[in-house]
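Report on one structure; see the data block that follows.
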Amino acid sequence: MKNTRKLSLKKRETKLRIERKKFTSTIARKYKYYSETKELTSDNSNIEGNLQRNKEGYLLLELPEKIDLNSNYSEMTAVLKSIRKLVLSEKKPICLTFNNVKFIKPSALLILAAEIHRCRRIHGIKKITGHYPKDKKIEGILEDFGFFKLLGVASRNNSKNKKYPMEYIDFVTHIHEVKGTVRAFRESLLGKSIEMSGPAKGRLYRAITEAMLNVRHHAYPLSAMKTNPERGRWWLSGHVNKKNGDLVIMFC
């Protein structure tokens with residue numbers, strides 16, 4: 001019986017290794033294709049020429065009215081590409097302004113925060129800064145998700161706004177999988193006030209740690225793995241709806 005179990009386990013492990021190798025090969029081929037067609041390379045458009053500078057010499061980059069990848073995909077991706085081109089490629093200092101922002105989707109905010117955080121870690125916090133939103137509602141959303149906390153920016157409010165039934169999970173980032181007990185991990189994300197059943201606790205832990213491993217294995221181009229100083233880094237956020245018991249975790 002034990003030998004049968006061992007053989008079965010070896011078969012599963014072999015199958016997983018083969019599937020992982022195929023997946024990695026597919027990603028490598030796609031990356032090579034897009035690199036050759038220049039879809040992943042920075043464009044030659046003169047972004048700087050269309051931007052104004054403030055008194056400190058920062059290029060002012062206006063964020064779109066909708067920070068949303070569903071209804072405003074083109075404009076959001078254009079902003080992300082501009083941030084990468086100006087900060088990472090050209091090493092120009094930029095200042096993000098939230099004056100036009102009226103709507104925020106958490107998933108798009110997470111990707112924006114991750115891009116800003118990555119740029120600041122690679123080239124320093126002075127390369128990319130920003131203004132507090134004029135709209136208090138928009139500022140409250142940024143505070144609820146820990147946007148300022150992630151970037152090391154002082155929040156103008158000392159505590160989160162309580163908005164029952166929603167409870168928001170602060171942005172979390174790290175460069176390796178979380179270690180420690182299931183309970184410590186869960187409480188570090190959700191706090192002690194959110195209750196979960198035993199099976200749900202285990203499923204949550206396994207799902208998120210698997211996502212962390214997937215980032216390390218698949219999220220970064222193979223050609224950049226040795227040179228990218230932020231390789232393997234992941235960003236996480238989410239929210240809990242206490243009324244209907246829904247838990248949403250977002251990962252990038």
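The values are calculated or read from the model by the stated rules, or taken from the named source; none is laboratory data. Computed from a predicted structure; not experimentally measured. FYI the Cβ positions are ideal-geometry reconstructions off the backbone, even for glycines, and counts take in every protein chain you see.
So here's what we get for this one:
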read-out: Tabulated pairs, the range 123-138, first part of a helix (DSSP H, G or I), second of a type in the set (Lys, Arg) and buried (at least 17 other Cβ atoms within 10 Å of the Cβ), C-beta under 7 angstrom, 6+ apart or interchain; value: Lys127/Arg120
read-out: Single condition Lys92 does not satisfy, out of (1) modelled with pLDDT of 90 or more; (2) on the phi > 0 side of the Ramachandran plot; (3) not hydrophobic (A, V, I, L, M, F, W, C); value: (2)
read-out: Test set (1) at pLDDT 70 or above; (2) under 28 Å from Lys126 (Cα atoms); (3) not assigned by TED's automatic domain parsing to the domain that holds Arg121 - Phe148 fails condition number; value: (3)
read-out: In the range 216-245, residue modelled with the lowest pLDDT [restricted to those that are part of a helix (DSSP H, G or I) and out of contact with any Asp or Glu (no Cβ under 9 Å at 6 or more places or on another chain)]; value: Ala224
read-out: All positions within the range 71-103 that are touching a strand residue (DSSP E or B) at 6+ places or on another chain (Cβ under 9 Å) and charged (D, E, K, R); value: Glu75, Lys92, Lys102
read-out: Candidates Lys92, Lys105, Lys81, Lys66 - the one that is under 19 Å from Glu143 (Cβ atoms) and among the basic types (Lys, Arg); value: Lys105
read-out: From Val178, Val87, Val79, Val101, residue being at pLDDT 80 or above, assigned to a loop (DSSP other than H, G, I, E, B) and farther than 22 Å from Asp246 by Cα; value: Val101
read-out: Breaking point among (1) of a type outside the set (Val, Ile, Thr); (2) out of contact with any helix residue (DSSP H, G or I) (no Cβ under 6 Å at 6 or more places or on another chain); (3) at pLDDT 85 or above; (4) not in a loop (DSSP other than H, G, I, E, B), for Phe171; value: (2)
read-out: Residue tally, condition under 15 Å from Arg121 (Cβ atoms) and either crowded, with 16+ Cβ neighbours inside 10 Å or among the aliphatic types (A, V, I, L, M) (or both), over the range 75-94; value: 3
